[in-house]
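Enquirer: Below is the structure I would like to discuss, written out as structure tokens.
Values quoted throughout were computed directly from the atomic coordinates according to the rules given, and no laboratory measurement underlies them. All of these numbers come straight from a predicted model, not from anything done at the bench. Neighbour counts run over all protein chains shown; Cβ positions are idealised from the backbone, glycine included.
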Amino acid sequence: MSVSLVRCDDRLIHGQVIVRVLKTYSINKILLIDDETAKNPTMASIYRLSVPSGVKLVVFSLDGAYDAVEEALRDNTNTLILLKNPQIAAELFKRHPELPKEFNIGPMSNRKNSKKATLYAYLIENEIEAIEELSNMGVKVYFRQVAEQDEISWEKLRNSLIGGKK
């Protein structure tokens, strides 16, 4: 299996991803799965131009990504699946049960009605619900910007974000 990392980062491609995450996981291909970006050829092109040479970036909508994810699961290319939000992740893990049962949440911007999960990740209610769904599916959900940082597990944060409900 060659999906090296499934990661959520609401900025998608930026310095931390390019410089550190790609190097840490020896990434050769990025599947960027985001409906908005897939509909915007200009943004998709900007993202493609921003990755280092030797790294292929392909942009898909969630519905258009199925075959590419299946191929990534079978080929020998170290692939990063990059998403903008946990709701897409929940759907992706349902559609592709063979994905590695780990989901990394990186930076998520502070937005209206969001709750602080970590110093760099703020979540709105439907994102919290999607993370809980992923956890209930047996996916290890953790927060970490770069590999040098300690992981912060969903289990450690969940009570402060959703209370004792399980």
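Enquirer: Would you mind ranking Ile30, Ile152, Ile13 so that the residue whose beta carbon has the fewest other beta carbons within 10 Å leads the list? Before the final figure, lay out each step's value.
Expert: Working: Ile30 25, Ile152 17, Ile13 21.
With the fewest neighbours first, Ile30, Ile152, Ile13 line up as Ile152, Ile13, Ile30.
Enquirer: If we count other beta carbons within 10 Å of each Cβ, what is the order of His14, His96, fewest first?
Expert: Numbers: His14 13, His96 17.
With the sparsest Cβ surroundings first, the list reads His14, His96.
Enquirer: If you don't mind, there's one more thing I want to ask. What size of dipole, in debye to the nearest 20, comes out for the chain about its Cα centre when the only charges are +1 on Lys and Arg C-beta atoms and -1 on Asp and Glu C-beta atoms?
Expert: Values: 23 positive and 22 negative charges, 94 e Å.
That gives a dipole near 440 debye.
Enquirer: Just from the alpha-carbon atoms, what are the Rg and Dmax of the stretch 69-166 in angstroms?
Expert: For the stretch 69-166, the Cα-based Rg and Dmax read 13.7, 42 Å.
Enquirer: Could you give me the percent of Cα pairs per 10 Å distance bin for the chain, shortest bin first, beginning at zero and ending with the bin that holds the maximum distance?
Expert: It works out to 10, 42, 37, 10, 1, in whole percents.
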